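Undergrad: Below: one structure in structure tokens.
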Amino acid sequence: MSIIKLLDEFTSEKLTTKSSSRREMFGTLSSFGKKAALAAIPFGLASNKMNAASMFQENSAVDALQLALTLEYLEAEFYVKALESGVLDGYARAEAAYMQISKHETAHVDFLKAGLEGAGATPVDKPTFDFTAGGAFDPFNEGGIGQETAYAQLLALAQAFEDTGVRAYKGQAANLMGTPFLEPALQIHSVEARHASEIRRIRGLDGWITTNMRGDGMPEATQAVYDGEENVTQGGVNLTTLTYANEIVGDITTAVTQAFDEPISGDTAVAIASLFIDSEG
Amino acid sequence: MKKPLVKVDVVETSSNNSKRSSRRKFIKLGGLGLAGSSFLLYACSEDDMFNPGGEMNQPMPQPEPEPGEEVFDLGSGDVGILNYAYALEQLEAAFYTQVRAGAYYAGAPDNEKEIFDDLYNHEVIHRDFFKAAITTAAGEENTLPDLEFDVSAIDFDSRDSVLQYAQVLEDTGVGAYNGAGDRIADATYLTLAGKIVSVEARHASAIRSLIDPESGYFAGDDVIDENGLDLAYDPSEVFEAAGGFIVTDFTANNLPEPMTGS
């Protein structure tokens, strides 16, 4: 098979995946019944950026960085508030993790703002966040749900944010090709993955994602974060039927889906983040 | 893109040339020395040459190797980068195969066994995926052959040794993929590399949290800089770090340069 043919397959696969995951996203949003106010999102990402013509346009790179900055604003504020809330008192491992992650997410905000300004773009303003998602959660125990429940929600939201961050940066990498922002974006991407692994492990899960399972204790509203992770075909190769030189331990689909993280589109990332953006704020 | 079929020259070496450079890198990466490594790396950072056996057999660099002694070159363009990643995945898969055959694993608690089962699975899958993908895209003659490794420096009976080397390998893998991204020409391959590097980062984090739980070590200040950025290595740095394990001779003389010079 020629490289061109291989790439054709990639492209159509990607487009199929994208439209189906968008459908699922909107389904999840409406079942969650809150804040599908996508029109309020301060940037419009084109739905198909995989063609070579748009790939190198500066706008797609700036859009990618603005999306990244919005996600980093979300994460940075979340971890600062988490540490201030007292909910982590008595949970030493989680507190240590949140302190380290908070440091990184705040640095990412500053780094991306400086990068955008350096590129002559105006960084998007920080949205007003609502980490209760309209009252569905009480992660900082502000509503008095109790520390134990608040702690569980705090970790569940961290997992959703980190796993979303990994997928969102991955989805934007192609938009940053040929720009000086690609390498630092990749360097942030793997930091988010380190964070995700530790948060998941604190929650008693594997550090890696199996099929599209969000994992025990994750609210159904976070399912959009995991849809698409069940993909078993990479580079046109169905990895569940490949012959391996060493025997795989356990279930092949489990192993194959764990071994590759999947990207999400900018639209999907925005839709997930918008669950926590106060559209009236 | 077609290249003549080359024979891979597997060379047993016992040199101690370039030892300092290799060891320095390991110390920087993971606080580990590589004393006792039975073969060594000659890595020239100017042209990314990686050719340990060649140095032993031929003290002078030889631009035109004798027929039959030609070593495999990773290649140019995206195929070169894919072969580069394939070399690292071969090393990781070989490492975890050995871990699972060792005494530490045999006596490890279930949660640690499960982690090493998963990491073994993932790296074997990555390795054999690259073999299939490169062979399909560029032909068997342009696909890196199966490499031979010498991991005798690692004490597979020791939890500390296994975890420390696992950390070095995973962190190096993360840095290698991050540093290779800007050398990839095709968006599809860039995304594929992205799908793998985040899994390597998840591994690195898990291994690090086994080493030092209840701390920020999973994304420690030793690997994440003040801007919150992870490692990014040039191929020459990776060969310095990982080359001490690789017995099979190959060169990396034609890997693409970064597109933006970053």
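Undergrad: In the range A:130-281, how does Rg compare with the Kirkwood Rh, expressed as the Rg/Rh ratio over alpha carbon atoms?
TA: Result for the range A:130-281 is an Rg/Rh of 1.01.
Undergrad: Still on this model: For the range A:132-213, which semi-axes, largest first and in whole Å, follow from the square roots of 5 times the eigenvalues of its Cα gyration tensor?
TA: 30, 15, 10
Undergrad: How far, in nm, would the chain grow between residue B:185 and residue B:257 when pulled straight, counting 0.36 nm per residue and subtracting the alpha carbon separation?
TA: 24.9 nm
Undergrad: Rank-order B:143-155, A:99-111 by packing density, defined as the average count of other C-beta atoms within 10 Å over each peptide's residues, highest first.
TA: A:99-111, B:143-155
Undergrad: Can I ask one more? Along the positive direction of the dipole of the range B:64-128 (beta-carbon charges: Lys, Arg +1; Asp, Glu -1; about the Cα centre), which of B:108, B:96, B:84 reaches farthest?
TA: Value computed over the given set: B:108.
Undergrad: Next question, about the same structure. From other protein chains only, count the Cβ atoms within 10 Å of every residue's Cβ in A:234-242, then give the mean.
TA: 5
Undergrad: Counting partner chain Cβ atoms within 10 Å of every residue's Cβ in B:201-213, what's the average?
TA: 6
Undergrad: A further question on this structure: At a Förster radius of 51 Å, what calculated FRET efficiency corresponds to the Cβ-Cβ distance of residue A:245 and residue A:92, to the nearest 0.05?
TA: Given R0 = 51 Å and the Cβ-Cβ separation, E is 0.75.
Undergrad: Further, regarding this structure: When all alpha-carbon pairs of the range A:151-195 are counted, what percent fall beyond 13 Å?
TA: Roughly 54 percent, once rounded to a whole number.
Undergrad: Which log10 I(q)/I(0) values, to two decimals, does the range B:157-249 give at q = 0.17, 0.18, 0.22 Å⁻¹ under the Debye formula with one point per Cα?
TA: -0.80, -0.88, -1.18
Undergrad: Shifting gears a bit: What Rg and what Dmax come out for the range B:92-235 when only alpha-carbon atoms are used, in angstroms?
TA: 16.1, 48
Undergrad: Then there is this: What does the convex hull of the alpha-carbon atoms of the range A:89-149 project to on average, in nm²?
TA: That works out to 5.5 nm², a quarter of the Cα hull's surface.
Undergrad: Something else: Residue A:234's amide H: which non-local residues (gap 5+, or another chain) put their own amide H closer than 5 Å, with H modeled 1.01 Å from N in plane and none for Pro or chain starts?
TA: A:239
Undergrad: Using the beta-carbon distance between residue A:149 and residue A:230 and R0 = 45 Å, what value does 1/(1 + (r/R0)^6) give for FRET efficiency, to the nearest 0.05?
TA: That gives a FRET efficiency of 0.90.
Undergrad: Summing Lys, Arg as +1 and Asp, Glu as -1, what charge do residues with Cβ under 10 Å from the Cβ of residue B:90 carry, residue B:90 excluded?
TA: -4
Undergrad: If you take the beta carbon distance between residue B:140 and residue A:84 as r and set R0 to 51 Å, what does 1/(1 + (r/R0)^6) give as a FRET efficiency, to the nearest 0.05?
TA: The value I calculate is 0.30.
Undergrad: On average, how many beta carbons from a partner chain sit within 10 Å of the beta carbon of a residue in B:224-236?
TA: Per residue, the number of nearby Cβ atoms from other chains is 6 on average.
Undergrad: Go from 0 up to the bin containing the longest alpha carbon distance in the range A:192-281, width 10 Å each, and give me the % of pairs per bin.
TA: Reading the bins upward from 0: 14, 40, 31, 11, 2, 1.
Undergrad: Can you give the Rg to Rh ratio of the range B:67-133, both from alpha-carbon atoms, with Rh computed by the Kirkwood formula?
TA: For the range B:67-133, the value is 1.15.
Undergrad: Roughly how big is the range A:134-281's charge dipole about its Cα centre, with Cβ charges of +1 (Lys, Arg) and -1 (Asp, Glu), in debye to the nearest 20?
TA: Result for the range A:134-281 is approximately 340 debye, rounded to the nearest 20.
Quick note: the coordinates plus some simple rules give every number you see, no bench work behind them. Just so you know, these numbers come straight off a predicted model, no measurement behind them. For neighbour counting, all protein chains shown are included, and Cβ atoms are generated from backbone atoms with ideal geometry for every residue, glycine included.
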